[in-house]
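**Student:** Okay, here's the structure, questions in a sec.
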Amino acid sequence: MCGIVGAVAERDVVPILLEGLRRLEYRGYDSSGIAVINGEKCIDRERRLGKVQVLADALESRPISGSMGIAHTRWATHGQPSQQNAHPHICREGVAIVHNGIIENHQQLRKIQLKQGYEFTSETDTEVVVHQIYSHQAEGKGLLQATCDSLSDLEGAYALGVISNSDPDRMIAARRGSPLVIGLGIGENFIASDVAALLPVTRRFIFLEEGDVADIRREVIEIYSESGDRVERPEVESTLTADATDKGEYRHYMLKEIYEQPQAITETLEGRIVNGKVLEESFGPEAAAIFDKILSIQIIACGTSFHAGMVARNWFEGVAGVPCQVEVASEFRYRHPVADPDALVVVISQSGETADTLAALRATKAWGFGASLAICNVPESSLSREADLTLMTRAGPEIGVASTKAFTTQLVALLLLVVAIGRRYRIAPEREKAIIEQLQALPRHVEDVLKLDGDIQRLAERFADKQNALFLGRGVQYPIAMEGALKLKEISYIHAEAYPAGELKHGPLALVDELMPVIAVAPNDELLEKLKSNLEEVRARGGELYVFADHETGMNSGDRIHVITIPPGGGHVSPIIFSIPLQLLSYHVAVLKGTDVDQPRNLAKSVTVE
């Protein structure tokens, strides 16, 4: 979603704000802007449609400067992408704000404000917020009180950064439903949507909690809870470094993150296995007591994380013998499910700020489900703080919008959870030992698969002129086929769909012809022979097959079939291994098509609004 950066300092903050915006580009955006309080205590603003570099070029032509300012990258929700709709928004040259979120009652507020004589210059919901703050200020209230009173008028989600020329040494920050972090400096302080934006200037952070409002000055920060009470929030020192979000030698972040997977998987496993057994304490001090009471699993997630959950359902039921349900978070809370107090709620999110997943977690608590566990990549995220138990994936920063290492580390974390809970059911010590050995060997096997990059790049050339693609998988590999289809459509803009291979005759076979590439995942498992029969149905109808096959399947390239042989290393971790070549295929097809691989159109890395 949108990215927010703000700074109050004794130096010119424009370079800090610009660098922060660049570091937030991975979130996805269509426009950007900066507003500062200049030396004459006036608000000076610059906004541009397009990349942050376009804004930087404009600031080269017309420099602005100031020791306090806010900046924003916008991802359009209300109003089309345009310079007029870009943030920051200003009211009567007196108040400027940046906003991430959606104000649900903006139409009602707009009608009232129009009657009060306020002029609207954009189509955004955000503009009602800046007018509301200005209106309260006009009643004689200070910036902090005017902002707090305005928040009580709003319905919806927001992260806000507010400045005013009537109080030029103070910046107000507030959050509800959208993440916001405070960066701590010496004689200067900052705000941002996430820590990555501020790593060049600080590694010390305070994470605002739901409903918090912060009064930020150079030397002092005061935080107020939703009830208006003064509160202290813990200071956290980030382990990330400023270069953690650099591309290094790679052409794109996505490719870098694909190649980081062996190390990321190693980090996920680190310290969580002792003497061939999963340490239940890895999930939290209360994990063992909670797991003892579990009778079923309820997984809730979105997008790629949902696909990870679908793989885990196969593991929970087929390996551990534990009933498991998987739901798309955006549908779950509106379906009004029957609460199961004996179900462990497992919520999965790379960012830990996915709005639908967060809302679903809160709904399960209200409805009376059992304890909750978050599988997440950001330890300070809302999801991590609100769940009863947490397992960090430790994947490191993932900048590319198309998730790669976050997905595979989620699968590793989920398999650890399957083992920890499954030992109470069907997983005997010998089977646990075998699964652990497969997990510990996984980084090496992923490195072996990455050596296929050249072969997959050549295969990708056959997709350069394609408009559609069909992905097939069976059993635990069906969600991997879904993930492969999602990756291809996300970054190459090829329409791609995934089906269980056994469903071909129930409709998808009608799509098969010489123009429809069919990509299949073929591990050497109990469904292999059935899958081979499904693939022959495709060949019989003139379809072109692209098969990623286990080395033991005996499948070879031939007429209208192109086989990439996957090196040894399967068992329960085979879904993780087979996801890697599909990531590489999608990447190379996107490069050939000339798309923006790391920031595909219309998409954002973190979906922090509903």
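**Student:** Might you check whether a residue that is within 32 Å of the chain's Cα centre (by Cα) and open to solvent by less than 20 Å² (accessible area, probe 1.4 Å) occurs anywhere in region 523-537?
**Tutor:** Within region 523-537, one or more residues are within 32 Å of the chain's Cα centre (by Cα) and open to solvent by less than 20 Å² (accessible area, probe 1.4 Å).
**Student:** For residues in region 216-252 being modelled with pLDDT of 90 or more and among the hydroxyl-bearing types (Ser, Thr, Tyr), which is least open to solvent (accessible area, probe 1.4 Å)?
**Tutor:** Taking the candidates together, the pick is Ser225.
**Student:** Tell me, please, whether a residue that is under 17 Å from Tyr587 (Cβ atoms) and among the β-branched types (Val, Ile, Thr) can be found in region 259-279.
**Tutor:** no
**Student:** Here's a follow-up. If you check every pair at least six apart or on different chains, which have Cβ atoms under 6 Å apart with a residue in region 236-254 that is basic (Lys, Arg) first and a residue that is modelled with pLDDT of 75 or more second?
**Tutor:** Within 6 Å, the pairs are Lys247/Tyr253; Lys247/Lys256.
**Student:** May I pose another question? Only one of (1) surrounded by 20 or more Cβ atoms within 10 Å (Cβ to Cβ); (2) under 26 Å from Ile206 (Cβ atoms) fails for Gly142. Which number is that?
**Tutor:** Against the list (1) surrounded by 20 or more Cβ atoms within 10 Å (Cβ to Cβ); (2) under 26 Å from Ile206 (Cβ atoms), Gly142 comes up short only on (1).
**Student:** What residue, of Arg110, Arg176, is in contact with a Phe, Trp or Tyr (Cβ under 6 Å, 6 or more places away or on another chain), modelled with pLDDT under 95 and basic (Lys, Arg)?
**Tutor:** From the options Arg110, Arg176, the qualifying one is Arg176.
**Student:** Related question: Return yes or no: is Leu391 under 24 Å from the mean Cα position of the chain (by Cα) and in a strand (DSSP E or B)? It would help to see each step written out before you state the result.
**Tutor:** Numbers: under 24 Å from the mean Cα position of the chain (by Cα): yes; in a strand (DSSP E or B): yes.
Considered against the rule, which asks whether it is under 24 Å from the mean Cα position of the chain (by Cα) and in a strand (DSSP E or B), Leu391 comes out as yes.
**Student:** Let me ask you something else. Would you point out which residue out of Ala359, Ala374, Ala441, Ala366 is open to solvent by 30 Å² or more (accessible area, probe 1.4 Å), outside any loop (DSSP other than H, G, I, E, B) and of a type in the set (Gly, Ala, Ser)?
**Tutor:** Details: Ala359 fails: open to solvent by 30 Å² or more (accessible area, probe 1.4 Å); Ala374 fails: open to solvent by 30 Å² or more (accessible area, probe 1.4 Å); Ala441 fails: open to solvent by 30 Å² or more (accessible area, probe 1.4 Å).
One residue alone meets the criteria, Ala366.
**Student:** Please count how many residues of region 112-142 are within 33 Å of the chain's Cα centre (by Cα), closer than 24 Å to Ser227 by Cα and part of a helix (DSSP H, G or I).
**Tutor:** Result for region 112-142: 6.
**Student:** Sticking with this structure for a sec: Any chance region 81-100 includes a residue that's more than 21 Å from Glu219 (Cα to Cα), outside any helix (DSSP H, G or I), of a type in the set (Val, Ile, Thr) and open to solvent by 10 Å² or more (accessible area, probe 1.4 Å)?
**Tutor:** There is at least one residue in region 81-100 that is more than 21 Å from Glu219 (Cα to Cα), outside any helix (DSSP H, G or I), of a type in the set (Val, Ile, Thr) and open to solvent by 10 Å² or more (accessible area, probe 1.4 Å).
**Student:** Continuing with this model, one more query. Quick check on Ile297: is it touching a Phe, Trp or Tyr at 6+ places or on another chain (Cβ under 7 Å) and either surrounded by 24 or more Cβ atoms within 10 Å (Cβ to Cβ) or not small (Gly, Ala, Ser) (or both)?
**Tutor:** Considered against the rule, which asks whether it is touching a Phe, Trp or Tyr at 6+ places or on another chain (Cβ under 7 Å) and either surrounded by 24 or more Cβ atoms within 10 Å (Cβ to Cβ) or not small (Gly, Ala, Ser) (or both), Ile297 comes out as yes.
**Student:** Given the residues Glu447, Glu490, Glu483, Glu432, which is the only one that is in a helix (DSSP H, G or I) and more than 23 Å from Ser403 (Cβ to Cβ)?
**Tutor:** After ruling out the rest, the residue left standing is Glu432.
**Student:** Then there is this: Could you tell me whether Arg458 is charged (D, E, K, R), assigned to a helix (DSSP H, G or I) and either in contact (Cβ under 8 Å) with a residue 12 or more places away in the chain or open to solvent by less than 30 Å² (accessible area, probe 1.4 Å) (or both)?
**Tutor:** no
**Student:** Considering only region 35-47, I want to know if a residue exists there that is within 25 Å of Thr77 (Cα to Cα), open to solvent by 30 Å² or more (accessible area, probe 1.4 Å), modelled with pLDDT under 95 and not in a loop (DSSP other than H, G, I, E, B).
**Tutor:** no
**Student:** For region 220-277, which residues satisfy the criterion of being more than 29 Å from Glu25 (Cβ to Cβ) and in a strand (DSSP E or B)?
**Tutor:** Selection gives Glu222, Tyr224, Arg230, Val231, Ile273, Val274, Lys277.
The values are calculated or read from the model by the stated rules, or taken from the named source; none is laboratory data. Note that this is a predicted model, so its numbers are computed, not measured. All Cβ positions, even for glycine, are placed from backbone atoms using ideal geometry, and neighbour counts span all protein chains on display. Ligands, DNA and RNA are stripped out before the accessible areas are found, and what is left, the full protein with its side chains, is counted by its heavy atoms. Shrake-Rupley method; radii C 1.70, N 1.55, O 1.52, S 1.80 Å.
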